[in-house]
Every structure is written in C-alpha cells, then in structure tokens.
Amino acid sequence: EVPLKYGAQYTGKRTDEAMNKWRGNRFGQFIHWGLYAIPGGVWNGKTYNYAAEFLKSSAKIPTSTWDSLMYQFNPVKFNARQWAKMAKQMGARYMTITTKHHEGFCLWPSQYTDFNIGNTPYKKDILKELVEAYNAEGIDVNFYYSVLDWHHPDWRYDIKSPEDSVAFRRFLQFASGQLRELATNYPTVKAFWFDGTWDNSIKKNGWWTLEVEQMLKKIRPGAVVNSRLRADDFGKRHIDSNGKLMGDYESGYERRLPNPVKDVQVTRWDWEACMTVPENQWGYHKDWSVSHVKSPLELLEMLVHTTSMGGNFLLNFGPAGDGSIRAEEQHIARTIGAWMQQNGQVIYDCDYAGWEKQDWGYFTKPRTGNIVNMVVFNIPVNGLLKVKVPAGTKISKATLAGKNVKVEEIAKDQFFIHLPQQAYKMPPVIVLEAVGGA
Ligand SMILES: C#C[C@@H]1N[C@@H](C)[C@@H](O)[C@H]1O
C-alpha cells in the first residue's frame with residue numbers, strides 16, 4: 001500500500017443508523033432544476049440535442065447572456081407540496097435536488113454569490129420549500145452540488161500558473177462556504193451528491209475534497225457523501241491509489257447499470273446508479289423526440305436490477321422552467337408507484353441475495369429472515385422459473401400474491417418454480433421461504 005493522507009478514511013460498509021437508512025431507502029427521485037429549464041434545449045430557434053443543462057456550452061452562449069436568464073426565473077406553476085406528493089406516490093424514499101448545477105445558479109439565497117434565487121422574480125427560497133414539502137411526506141432530502149461552476153471567475157479547469165493557484169484557492173474557499181451554509185441552514189439534509197469534480201484542478205487538490213467530507217460530517221453527524229467528491233493524494237478519483245472506496249458510496253454509475261453477472265464485485269460496498277428518462281437529458285428539454293424515452297417498465301426493471309445488486313436507484317425528473325412536471329414523468333411516477341404500492345417490500349431494506357442470476361429476472365433479499373424474493377420480468381413460455389440455490393438450501397414454500405405456487409426440485413440445489421399462466425401487465429413477485437444452506 002502507498003501511504004495516503006487524502007485517501008479512503010475507512011473500509012467496508014458504514015453500519016450506523018444514518019447509513020442504514022440511506023441504504024434501506026433504495027429508491028430516490030433526482031431533480032435537475034435551474035436556469036437551463038427556461039430555454040429547455042432550444043436557443044434562437046435552434047434545438048440542440050445534447051443534454052439541456054449543457055445548452056450554455058452546446059450553443060456557445062456568453063456567460064453574461066446566460067446569467068441574465070436569472071431575471072426570467074419565475075416558476076408560476078411550481079408547487080413543492082404537489083411535487084412531494086407525486087414522489088411519495090411513486091414510492092421514492094429520498095430526493096436529491098440540484099442546489100447548484102454547473103451554471104452556478106443557486107436555488108437557495110447563498111450569501112456567497114448574488115447569482116441565486118433571491119435575485120429572481122420568484123425571490124423565495126426554493127430549496128427550503130422543497131426540503132419542507134418532501135420531509136413532510138417522510139421523504140429524506142439530499143443535496144446535489146456541482147463543484148464545477150461556469151459563473152464564478154475563480155473557477156479553473158487546471159492549475160497551470162501561480163495565478164491559477166491563487167484564484168482556485170479563493171474558489172475552493174467559496175465552495176467550502178457554500179457547502180457550510182447548505183449543511184447549516186438546512187439541518188434535515190441527509191446526504192451530499194457531488195458532481196463536476198473530474199477536472200485537473202480538483203484532482204490536484206485532493207486535500208480539499210477530504211476537508212469538505214470531514215467538514216460536512218462535523219456539521220451534520222451521519223451525513224452521507226458520494227465517492228464522486230473525492231480525489232486522493234495522486235488525483236485518483238472514487239477509488240484511491242490503494243483500491244479503497246473514498247466517500248460513503250460509489251457513484252460512478254451514471255446512465256448505466258452494473259452487469260448482474262460480470263460486475264458482482266459492486267456488492268462489496270454501497271453504490272447508487274442515477275438514471276435519465278431520455279437517453280441523456282437531466283434538465284428539462286422541450287423536445288424529447290430527439291432520443292429514446294424509457295418506459296415505466298424499463299425504469300422499474302432498472303430499479304429492481306439495482307436493488308438486486310445492493311445499490312440505490314436515483315431516477316431523474318427535469319421540471320420545466322414554469323415549475324410544471326411533464327406528462328411523461330407523471331405517467332412514470334403513477335405506473336411505478338402503483339407497482340411499488342403492492343411490492344415495495346421487495347425493494348425497501350432489501351439487498352443482494354447472492355443467488356445465481358437467472359434469465360427470468362432478479363432476486364432481492366430482505367435484511368432479516370429466510371425470505372428471497374423473485375421479481376419476474378421475462379415470462380418463460382413453459383412457465384417454469386429455474387432457481388439455483390446455495391448448496392444444501394431447500395425451498396420450503398413459494399407464494400405469489402399470498403397464494404402457494406408449486407416448487408419442483410429438478411436436481412441437486414436446483415428447482416423449478418411453477419408460475420401460474422396468465423397475462424402479466426406488470427412484473428409478478430414470488431416470495432420464497434428458503435431453509436438451510438449457506
Ligand atoms: C456530465 C454530467 C452531469 N452529471 C449528471 C448527474 C448531470 O448532472 C449531468 O449534467
């Protein structure tokens with residue numbers, strides 16, 4: 001091992017109450033909302049297909065022009081309680097909000113910059129409204145914070161001169177100040193989701209990333225911080241130079257999921273995947289016809305897939321500039337929510353079962369007891385669901401919606417579960433009682 005000052009601070013999974021709650025939540029709503037929601041991917045009549053929150057760079061818009069969008073931000077249809085109720089109905093147990101994205105505009109009245117919600121026609125503290133509304137629904141709120149800041153004059157992509165060093169040191173103090181005020185002024189915040197940390201300027205300041213993690217955990221004991229914040233002494237990100245995870249969970253799965261067979265190593269630590277509904281739109285885009293839009297069933301399978309590998313699934317919503325939620329996203333929330341209403345127990349507080357992945361779908365396992373859940377997405381023509389169990393394990397019972405289904409031992413440690421033949425519009429769940437074995 002190489003000696004590190006700014007590497008991983010511990011190994012293994014945190015087992016404190018705050019982290020157990022973060023882990024057990026399993027399903028979160030990501031919200032990307034900022035000035036980029038106003039143009040929605042269209043500028044001077046031209047539609048830009050790239051991610052709408054990157055429109056400033058896609059359309060090469062000068063910072064002064066982009067920043068003047070602040071004077072148009074007046075979401076007259078914004079209703080934090082409605083958003084929170086929709087998230088509750090969808091079955092989300094946490095919500096992660098972009099307090100500040102790469103554009104540098106702050107959804108809270110930051111004392112460190114005028115580029116914030118207080119100087120818009122809306123004026124009110126949107127972050128406070130969202131935290132209160134979601135907490136009132138029993139939903140934990142986490143803060144996304146982009147270190148990359150296109151607005152701030154002291155931001156640097158790299159440190160190539162003494163002037164860069166001086167400016168960037170000022171920038172890091174600014175960012176630390178903003179993070180301190182977020183952690184202090186919104187005391188129910190549970191976790192911090194860092195982004196915009198891929199540039200050399202951050203890699204060359206790994207010390208700061210550890211200082212921020214420690215500061216946040218001092219202000220908010222139990223706070224959870226993602227690996228994406230962190231860089232070690234040599235600029236290694238997420239995983240330090242000794243192969244140890246930094247931060248409290250791995251956050252590299254963006255718009256992709258680990259392979260359930262080849263990537264089982266992800267189960268050794270906590271992790272989260274974040275996912276867009278279109279192919280690559282986090283902020284509101286006016287025209288979703290420019291790429292594939294995932295169906296509720298595609299997204300539900302991703303949620304179950306993630307739970308089956310011991311991860312959290314963060315599904316993104318991009319509200320419009322007027323504060324409305326588009327119909328496609330409302331349909332997704334209703335459809336997934338209807339299934340979660342009946343089957344949330346196979347997601348919440350569930351984990352990797354350690355059983356061999358089969359083609360019909362995914363296993364999840366509650367933290368306690370001898371239950372293993374089967375969530376079936378691919379219905380076999382013969383209605384027989386193969387299950388390979390750890391050596392010596394017996395399946396004593398299998399039920400679907402509380403009714404027994406046939407269990408047939410077909411070989412040593414192998415069974416067929418007989419799925420009742422019917423048309424399934426949503427994935428059926430079979431609950432196995434397993435005894436003995438590993
Ligand atoms: C690239 C990039 C950013 N990371 C995702 C989580 C979105 O915030 C996107 O803009």
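Helix 327-343 and the longest principal axis of the Cα set of the chain meet at an angle near 40°.
Angle check, please: helix 162-185 long axis (alpha carbons) against the longest principal axis of the chain (alpha carbons), in degrees 0 to 90, nearest 10. Long axis of 162-185 versus the principal axis of the chain: about 60 degrees. When segment 203-284 is described by a simple charge dipole with +1 on each Lys and Arg Cβ and -1 on each Asp and Glu Cβ, the residue from Trp269, Met246, Leu210 located farthest towards its positive end is Leu210. Per residue, the average separation of C-alpha pairs within less than 8 Å and at least 6 apart gives segment 301-363 a relative contact order of 45 percent.
Every helix of 4 or more DSSP H residues in the chain counts as -39500 (n - 2.57), and over all residues that averages to -8000 deg cm²/dmol at 222 nm. Between Lys388 and Glu211, the simple spin-label model (points 7 angstrom out along Cα→Cβ) gives 5.2 nm.
Split the accessible area of the chain by element, probe 1.4 Å, and carbon with sulfur accounts for 51%. Near Ser289: Cβ cut-off under 12 Å, other residues only, Lys/Arg at +1 and Asp/Glu at -1. The net charge is -2.
Take the chain with all the other protein chains still there, run a 1.4 Å probe, and you get 41 Å² of accessible area per residue. Between Gln342 and Met426, the distance separating the two model label sites (each 7 Å from Cα on the Cα→Cβ line) works out to 0.6 nm. Please report the antiparallel percentage of DSSP beta bridges with both residues in the chain, rounded to the nearest 5. Beta bridges within the chain, antiparallel portion: roughly 55 percent. Short-range pairs are left out: with C-alpha atoms under 8 Å and at least six residues apart, the relative contact order of segment 16-64 is 23 percent. Each part reduced to its alpha carbon centroid, segment 1-72 and segment 213-239 end up 17 Å apart. Highest mobility in the GNM of the chain, judged by mean-square fluctuation with C-alpha springs under 10 Å and restricted to Gly12, Gly310, Gly402, is found for Gly402. Under the criterion of Cα pairs below 8 Å and six or more residues apart, the relative contact order for segment 19-143 equals 29 percent. Between Arg334 and Asn79, the contour length at 0.36 nm per residue exceeds the Cα-Cα span by 90.0 nm.
When the chain is treated as a GNM with alpha-carbon contacts under 10 Å, the residue of Thr47, Thr197, Thr11 showing the greatest mean-square fluctuation is Thr11. Within segment 318-399, the trypsin sites (Lys or Arg not before Pro) that combine a DSSP coil assignment with at most 12 other C-beta atoms in a 10 angstrom radius are Arg367. Rounded to whole Å, the principal axis extents of the Cα atoms in segment 194-259 read 37, 26, 23, largest first. Hydrodynamic radius of the chain by the Kirkwood approach over all distinct alpha-carbon pairs: 23.1 Å. Summing +1 for each Lys or Arg and -1 for each Asp or Glu among the other residues whose beta-carbon sits under 9 angstrom from that of Lys13 gives +1. Say we join alpha carbon atoms closer than 10 Å with springs in a Gaussian network model of the chain; which of Asn312, Asn226, Asn116 then has the biggest fluctuation? Its mean-square fluctuation being the largest, the pick is Asn116. Please work out the C-alpha center-to-center distance from segment 306-348 to segment 134-176 and express it in whole Å. Taking the Cα centre of segment 134-176 as reference, the centre of segment 306-348 is 29 Å away. Projected onto its three principal axes, the C-alpha set of segment 253-402 covers 58, 32, 30 Å, listed from the longest axis down.
The values are calculated or read from the model by the stated rules, or taken from the named source; none is laboratory data. Just so you know, these numbers come straight off a predicted model, no measurement behind them. Quick reminder, even Gly has a Cβ in these numbers, built from the backbone with ideal geometry, and neighbours come from all protein chains shown. These area figures cover heavy atoms from the full protein model, side chains too; ligands, DNA and RNA do not enter into them. Shrake-Rupley method; radii C 1.70, N 1.55, O 1.52, S 1.80 Å.
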